[in-house]
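J.: For reference, the structure I am asking about is given below.
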Amino acid sequence: MRILVADDEPNLLTSLEMYLRPEGVETALAPDGQAAQELVAAEPFDAALLDIRMPRLDGLQLLRWIKEQGFTLPVIMMSAHGDVRDAVEAMKLGAYDYLVKPFDPDELLMRLRKAVRERRLESGRAAAARGAEEPAMVGSSPAVRAALRLIEKAAPTPVTVLISGESGTGKEVAARLIHRHSGRQGAFVPVNLGAIPDTLLESELFGYEKGAFTGASERKLGLFELADGGTLFLDELGEMPPAMQVKILRALQERKITRLGGVKGIPVDARVVAATNRDLEAMVKAGSFREDLYYRVNVVRVALPPLRERPGDALALAEHFCAALAPRMGRRGVRLSKAARELIERYPFPGNVRELMNAVERALIMAESDELEPEDFQLRQVERVGAASAPDAQGPAKTLDEIEREAILAALARHGGRREPTAQELGITRRTLFSKLKAYGYDE
């Protein structure tokens, strides 16, 4: 999670950053409203925490601007004055929540996570409602055509589908295609199992009853129930702790769930599509993933190839993203230069389709003209890593593990050792990043 915090009290900014960082929350700090406005315009955030009283541009003016510009990030306002009129005005302008200083940091964290969770759920429902506007699997390589044929066959059936592939290969896009062609009328509800703390996972998936634990002041529906009649997409399945594997297996077998604190089984008609970038077979052999759950989710297996194994698709994808993203940025007639096309065709894209899309988006922002040039994509540093893997007269080719290690460590260096932005750039979970770094001897 990455949030913006804007306040003219330096001590508050520092203390919030120190509290939130160990909780996996990356913060961008702004000392006033105008600085915060510039950050919102330049960078994506999951949420914003804004003080009402700030110099140059106050919090209410900034909130109004955020809504007028169409940014969808949830905004939590805070104030030391506790003026009811301020709170009412903030909610009218579209604030998600309002806090009076001093506040409990645990309460802030809970509200932030709730705001981000609800925004992501709403984004999932909106994407499902858009139907044909959802991104398609672009490419004509044999591996992609085979995956599309399998999706077409499996989609109308009720079977559970397991999508495997490296991070960034488009597993969620494939899951949305399955949902779109399934004929199911309910929502597509995605959840990244690796992004939810183990202690919260059960209540997120199954919900809870009022009074189930301290702070449970009302009943909450879980993601299984929100996906009733639709599709529940369980991403990063291999990150699920063993205790939850048993409960997921029971829900899949019985097609019922029990809310936390409840005793009654609730029938749920949610079609499950799961995805993983891990070797589940190896995890079964190692005893870290249940064999019965593996066979339960692996009824139909859709394997998505990495971009480096899709000859010709990188350029087609780049042109697709360019055509789709440019109008949203107010740009028309944008095209790839000959040199940019050559770069895309030879670049290894260790982050796969996600990295390519991010590179195109970055190029559309950086380009001075309507012709995108290689330098606009800012791929040169990783390109050298990829180029170094090619065999030459000086020595043997590097293995994929060696290339991956260099790419991860290069990203870590670019972000000054910070794990959260490194994981976001690489398109992997923080847990996966920690595991990789520990294997490399960087487990401090």
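J.: Which one is surrounded by the most Cβ atoms within 10 Å (Cβ to Cβ), of the residues in region 163-199 that are in a loop (DSSP other than H, G, I, E, B), among the polar types (S, T, N, Q) and in contact with a Leu (Cβ under 8 Å, 6 or more places away or on another chain)?
T.: Thr169
J.: Being in contact (Cβ under 8 Å) with a residue 40 or more places away in the chain, assigned to a helix (DSSP H, G or I) and aliphatic (A, V, I, L, M): is that true of Leu205 here?
T.: Yes; evaluated as a whole, the condition is true for this residue.
J.: Among the candidates Ala36, Ala147, Ala129, Ala90, which residue alone is outside the structural domain of Arg21 (by TED's automatic domain parsing), on the phi < 0 side of the Ramachandran plot, of a type in the set (Gly, Ala, Ser) and modelled with pLDDT of 85 or more? Please lay out each step first, then the result.
T.: On the way: Ala36 fails: outside the structural domain of Arg21 (by TED's automatic domain parsing); Ala129 fails: modelled with pLDDT of 85 or more; Ala90 fails: outside the structural domain of Arg21 (by TED's automatic domain parsing).
None of the other options fit; the residue is Ala147.
J.: How many of the residues making up region 64-89 are under 28 Å from the mean Cα position of the chain (by Cα) and free of Cβ contacts under 8 Å to residues at least 40 places away in the same chain?
T.: First pass over region 64-89, keeping only residues under 28 Å from the mean Cα position of the chain (by Cα): 64-78.
Checking which are free of Cβ contacts under 8 Å to residues at least 40 places away in the same chain leaves us with 64-71, 75-77.
Of the residues in that region, 11 qualify.
J.: Of everything in region 413-423 that's over 11 Å from Ser167 (Cβ atoms) and surrounded by 15 or more Cβ atoms within 10 Å (Cβ to Cβ), which residue is modelled with the lowest pLDDT?
T.: Selected residue: His415.
J.: Scan region 34-50 and give yes if some residue there is surrounded by 19 or more Cβ atoms within 10 Å (Cβ to Cβ), in contact with a Ser or Thr (Cβ under 9 Å, 6 or more places away or on another chain) and under 27 Å from Arg328 (Cα atoms), otherwise no.
T.: yes
J.: Can you pull out every residue in region 215-231 that is at pLDDT 90 or above and polar (S, T, N, Q)?
T.: Thr231
J.: Let me ask something additional. Of Val88, Val100, Val116, which residue is loosely packed, with under 13 Cβ neighbours inside 10 Å and of a type in the set (Val, Ile, Thr)?
T.: Val88
J.: Of (1) surrounded by 14 or more Cβ atoms within 10 Å (Cβ to Cβ); (2) outside any helix (DSSP H, G or I), Thr72 satisfies all except one. Which?
T.: Of (1) surrounded by 14 or more Cβ atoms within 10 Å (Cβ to Cβ); (2) outside any helix (DSSP H, G or I), only one is false for Thr72: (1).
J.: Pairs needed: first member in region 391-419, hydroxyl-bearing (Ser, Thr, Tyr); second member anywhere, modelled with pLDDT under 55; C-beta distance under 9 Å; at least 6 residues apart or different chains.
T.: Once the first residue is hydroxyl-bearing (Ser, Thr, Tyr) and sits in region 391-419, its partners that are modelled with pLDDT under 55 give Thr399/Ser389.
For (1) under 26 Å from Ala303 (Cβ atoms); (2) under 22 Å from the mean Cα position of the chain (by Cα); (3) without any contact (Cβ under 8 Å) to a residue 12 or more places away in the chain, each residue gets a yes or a no:
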residue	(1), (2), (3)
Ala174	yes, yes, no
Gly183	yes, no, no
Val191	yes, yes, no
Ala212	no, no, no
Gly222	no, yes, no
Glu225	no, yes, no
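J.: Let me ask something else. Output the number of the condition that Val297 fails; it satisfies all remaining conditions of (1) closer than 15 Å to Ile178 by Cβ; (2) surrounded by fewer than 13 Cβ atoms within 10 Å (Cβ to Cβ); (3) of a type in the set (A, V, I, L, M).
T.: In the conditions (1) closer than 15 Å to Ile178 by Cβ; (2) surrounded by fewer than 13 Cβ atoms within 10 Å (Cβ to Cβ); (3) of a type in the set (A, V, I, L, M), Val297 misses (2) alone.
The values are calculated or read from the model by the stated rules, or taken from the named source; none is laboratory data. It should be emphasised that the depicted structure is a prediction, and the values quoted were computed from it without experimental measurement. Note: ideal-geometry Cβ built from the backbone for every residue, glycine included; neighbour counts use all protein chains shown.
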